[in-house]
Amino acid sequence: MIQKWWQKAVIYQIYPRSFQDSNGDGIGDLNGIIQRLDYLAELGINAIWLSPVCRSPQDDNGYDISDYQEIEPIFGSLEDMQRLFREAEKRDIRIIMDLVLNHTSDEHRWFVEAKKSKSNPYHDYYVWRDGEEGHPPNDMRGVFGGSAWEWVPELNQYYFHQFSVKQPDLNWENPKVRRELYDMILWWMKKGAGGFRLDVIDQIAKDPDLKITVNGPRLHEFLQELSRETFQKGDLLTVGEAWGADIQRARLYSNPDGSEFSMVFQFEHIGLDQQEGKEKWDLKPLPFLKLKEILSKWQTSLYNCGWNSLFWNNHDLPRIVSRWGNDKEYWEESAKMLALLLHGMQGTPYIYQGEELGMTNVQYEITDYQDIEIRNMYRERMEMGYDEKDVMQSIYAKGRDNARTPMQWNDSKNAGFTDGNPWIKVNPNYKQINAHNQMKDTGSIFHFYKKLIQLRKDYEVLVDGKYELLLPKDPDIFAYTRENEHQKLLVICNFFENTPRMPLQEEWRDMELLLCNYDCAHNNDRYATTLRPYEARMYVKKKYETKP
Ligand code: GLC
Ligand code: CA
């Protein structure tokens, strides 16, 4: 059943603006990434998911593309990109590009044309409605705040945008739009792309008159056509971003017959610390039993009929060690525990840049934040009369810039990210938390991730083993097994700083300890029944020795 390269792979996400600057302008770039490929090879990852590097006015840091077949000059040139493909390939690393197909920039040639007149051939590439100024077609709102409709006086029409005003939605109902996108994808495949991550892909099949944005009626029809016309002509990893995915849809998206994608990012666990029916800024404590239930549901429901992607972090999410770990007293222990918990599961793990160092959230002054989402939300909530303290607490907890502070390479100026002025402030803790320190220290979080990646290569059970949750009602411990014909793994994680007893001793009596986030040199520690704060262990048992 396991036959695809991406089922055994570990992916590393790079947010190019914040990874490595090579020319002192304060913004990370392609040449910077090339300089750091040896670091990634050392970590052992198999592919890089590269957030968008195409030509873009950077209203939403590249998720607003004005030319899909050019590289944004602040990141480099097409030659640089091809050099990145080649240099990565030398190290057995594939490049997964980020495709933003739901919308373009308002500076894209198509939109510039579309705005000229209703009879322009590109007009129907976007979503328009007639109207009157001040009376949008309906009250739909954009994800970054404000109305989802923008008035264009020259045309007496509104255009539809689910994100910022500078990100007009493409009209997927128009077959010409789809053809243009497919040709562009085929072009990148020829250039050497190893796969694609598809931005907000469940929002392409919209019907704004019915206020439908997510999971529109023609969604899977479009996706199957997209896949047939492009991805199926290569051996690619494809992963759709699908905030609206439930199990049933995920089985379609990641159908092993390859009719849509390899896998999707689903976000059910990510919404758990937000108040129901409210926005991500409206916080509530993480319900731990629910987390176990949901992650386990995804593990068992896609077994043999789909494929999971495993992630805690990306460029839109706060740092996991600050979010569900403890970034103070148990920073190292909790970062490792969260890593082991996730990397023991079935699916393709994604590591977001700096996660392998336990990089943490930040708390900046409001003027130091750069993200359009944070800025719009701050303005809106202040106007609505929210208490500024609460607004800032929400930003500290959930703001996207938590993930976008520069990568912490070493303890020199600007953490080794740039010689110039970084486009966003460096996290002040870079003198303690940085790659240089951790690479020297074999007990570091970096080396822990490295071991987890290696284990996935060495133990097939990590790739194909069936998952079973243990102790579903235990309030402290997240424990599960993975099992195939030959091997059985046992993962035990203490999710908090309590010191619970582990009621499962029988299970591990004849198992070997593979990995632990504490010093477990002594037998007593290896099989200790009381768990230390955030302690995490992985055991293995070879079930049947091969018969003579
Ligand atoms: C996705 C991206 C996010 C972007 C949005 C609009 O959610 O991950 O960064 O702002 O789509 O393209
Ligand atoms: Ca630069």
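The values are calculated or read from the model by the stated rules, or taken from the named source; none is laboratory data. Since the structure is predicted, the reported quantities are computational estimates derived from the model, not experimental observations. Note that we place each Cβ from the backbone using ideal geometry, even for glycine, and neighbour counts take in every protein chain shown.
Here are the numbers:
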read-out	value
Long-range neighbours under 8 Å by Cβ, at least six apart or interchain, first residue away from ligand 2 (no atom under 16 Å from the Cβ) within segment 139-167, second assigned to a loop (DSSP other than H, G, I, E, B) and of a type in the set (Lys, Arg)	MET140/LYS211; VAL152/LYS115; GLU154/LYS115; LEU155/LYS115; LEU155/LYS118; GLN157/LYS118; PHE160/LYS206; GLN162/LYS206
Single match in TYR467, TYR518, TYR480, TYR459 (criterion: aromatic (Phe, Trp, Tyr), in contact with a helix residue (DSSP H, G or I) (Cβ under 9 Å, 6 or more places away or on another chain) and farther than 21 Å from LYS292 by Cβ)	TYR518
In segment 1-21, residue farthest from the chain's Cα centre (by Cα) [restricted to those that are within 11 Å of ligand 2 (Cβ to nearest atom) and assigned to a loop (DSSP other than H, G, I, E, B)]	ASP21
Qualifying residue in segment 111-126 (condition: more than 25 Å from the chain's Cα centre (by Cα), modelled with pLDDT under 95 and in a loop (DSSP other than H, G, I, E, B))	no
Matching entry among GLY24, GLY44, GLY28, GLY32 (being in the same structural domain as LYS450 (by TED's automatic domain parsing), away from ligand 2 (no atom under 16 Å from the Cβ) and either touching a residue at least 60 places away in the same chain (Cβ under 8 Å) or not basic (Lys, Arg) (or both))	GLY44
Matching residues in segment 179-220 - criterion: being within 21 Å of PHE160 (Cβ to Cβ), part of a helix (DSSP H, G or I) and within 25 Å of the chain's Cα centre (by Cα)	LEU181, ILE201, ASP202, GLN203, LEU219
Flag if ASN313 is touching a residue at least 40 places away in the same chain (Cβ under 8 Å) and in a loop (DSSP other than H, G, I, E, B)	yes
Close pairs (7 angstrom Cβ cut-off, 6 or more residues apart or separate chains): in the same structural domain as GLN266 (by TED's automatic domain parsing) in segment 208-220, of a type in the set (A, V, I, L, M) and surrounded by fewer than 19 Cβ atoms within 10 Å (Cβ to Cβ) anywhere	PRO208/MET140; LYS211/MET140; HIS220/LEU252
Single match in SER334, SER322 (criterion: in contact with a Gly (Cβ under 9 Å, 6 or more places away or on another chain), part of a helix (DSSP H, G or I) and of a type in the set (Ser, Thr, Tyr))	SER334
Residue that is farthest from CYS54 (Cα to Cα), among those in segment 160-194 that are within 16 Å of ligand 1 (Cβ to nearest atom) and of a type in the set (Phe, Trp, Tyr)	PHE160
Check on ILE453, on the phi < 0 side of the Ramachandran plot, part of a loop (DSSP other than H, G, I, E, B) and either in the same structural domain as ILE27 (by TED's automatic domain parsing) or of a type outside the set (Gly, Ala, Ser) (or both)	no
Any hit, segment 83-94, residues being within 13 Å of ligand 1 (Cβ to nearest atom) and within 20 Å of the chain's Cα centre (by Cα)	no
Tabulated pairs, segment 65-77, first under 21 Å from HIS103 (Cβ atoms), second of a type in the set (A, V, I, L, M, F, W, C) and assigned to a strand (DSSP E or B), C-beta under 7 angstrom, 6+ apart or interchain	ILE65/CYS54; ASP67/CYS54; TYR68/CYS54; GLU70/CYS54; ILE71/CYS54; GLU72/CYS54
Residue check, GLY146 in contact with a helix residue (DSSP H, G or I) (Cβ under 9 Å, 6 or more places away or on another chain), surrounded by fewer than 22 Cβ atoms within 10 Å (Cβ to Cβ) and not assigned by TED's automatic domain parsing to the domain that holds LYS206	yes
Qualifying residue in segment 264-285 (condition: surrounded by fewer than 16 Cβ atoms within 10 Å (Cβ to Cβ), of a type in the set (S, T, N, Q), out of contact with any Lys or Arg (no Cβ under 9 Å at 6 or more places or on another chain) and not assigned by TED's automatic domain parsing to the domain that holds LEU338)	no
Of the criteria (1) within 25 Å of PHE288 (Cα to Cα); (2) assigned to a helix (DSSP H, G or I); (3) touching a helix residue (DSSP H, G or I) at 6+ places or on another chain (Cβ under 7 Å), which one VAL264 fails	(2)
Some residue of segment 81-103 being of a type in the set (S, T, N, Q) and either crowded, with 23+ Cβ neighbours inside 10 Å or within 16 Å of ligand 2 (Cβ to nearest atom) (or both)	yes
